[in-house]
Amino acid sequence: MSSLWLKSHKKDINSQCGDDGVIQAIFDKIGVANRWCCEFGAYDGKTLSNTRALIDQGWKGVMIEPSDDFHTLVKNMKDYPVTCMQEYVGTNLDELLSRTLIPADFDLLSIDTDNESYYTWETLKNYKPRVVDFEVNAFYSADEWHTPDMSALDWTREGTSIAPAVELAKSKGYELAICCGWNAFFVLREYVDVLGIDTVNWKSLFGYPHW
């Protein structure tokens, strides 16, 4: 049993590492519940976005971007059912989402905040997205353990390696479905069988290098 088949579905419409195709393949198998997604940092809502392809299909969303790119994000999202927030997420995602209409079991969460991604997901308690697209540091192998060093000056040493990301995911009831480039895709444990996930030999889903 293996979910390596997901890698053959890599495709970029707006994403960077084949996310658009992998996300579509996952939902083709597990189905959609409510067609809601959340992405941060959302940048301008289009460039390197992991959710824009879904929003173009009619999904609703919450897009969070703290930088001045927020103004372009608002402009790009003005015709879509999307709530845009200019906020620093940190460990306050629960509070931010509580200001929106997004359901607790929304379909997709895309986490791309480099050094703080791990802590953001770790402290998320009131929401249980069905699929999580989580950025990992691709410069670490599957055997290396590295959690964010907020004082790191070398960007290749920032972020989270895949091992602690998998442990965190498992503790929250998720399993690794595949890792493509910088992004690891985690799904709720109830979808293990339908996706063919091997929950023990997760390193085979990562590889190194794993582009």
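The values are calculated or read from the model by the stated rules, or taken from the named source; none is laboratory data. No experiment lies behind these values; they were computed from the predicted model shown. Because the Cβ atoms are built from the backbone with ideal geometry, glycine has one as well, and the counts that use them run over all protein chains shown.
Computed quantities for the displayed model
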{"quantity": "Any chance Asn14 is of a type outside the set (Lys, Arg), under 15 Å from Arg130 (Cβ atoms) and either touching a residue at least 40 places away in the same chain (Cβ under 8 Å) or part of a loop (DSSP other than H, G, I, E, B) (or both)", "calculated": "no"}
{"quantity": "Test set (1) closer than 20 Å to Trp121 by Cα; (2) outside any helix (DSSP H, G or I); (3) in contact with a Leu (Cβ under 9 Å, 6 or more places away or on another chain); (4) not basic (Lys, Arg) - Ser49 fails condition number", "calculated": "(3)"}
{"quantity": "Helices (runs of 4 or more DSSP H) completely within the range 74-174 that count 3 or more residues being more than 23 Å from Gln16 (Cα to Cα) and either among the charged types (D, E, K, R) or modelled with pLDDT of 90 or more (or both)", "calculated": "93-97, 162-171"}
{"quantity": "Only listed residue being closer than 19 Å to Phe185 by Cα, buried (at least 17 other Cβ atoms within 10 Å of the Cβ) and of a type outside the set (Asp, Glu), chosen from Asn76, Asn115", "calculated": "Asn115"}
{"quantity": "Residue within the range 176-189 that is assigned to a loop (DSSP other than H, G, I, E, B), in contact with a Gly (Cβ under 8 Å, 6 or more places away or on another chain) and modelled with pLDDT under 95 present", "calculated": "yes"}
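Per-residue answers, yes or no, for (1) under 20 Å from Ile26 (Cβ atoms); (2) touching a residue at least 60 places away in the same chain (Cβ under 8 Å):
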| position | (1), (2) |
| --- | --- |
| Thr72 | no, no |
| Asn76 | no, no |
| Lys128 | yes, yes |
| Phe134 | yes, no |
| Ala142 | no, yes |
| Ala169 | yes, no |
| Ala177 | yes, yes |
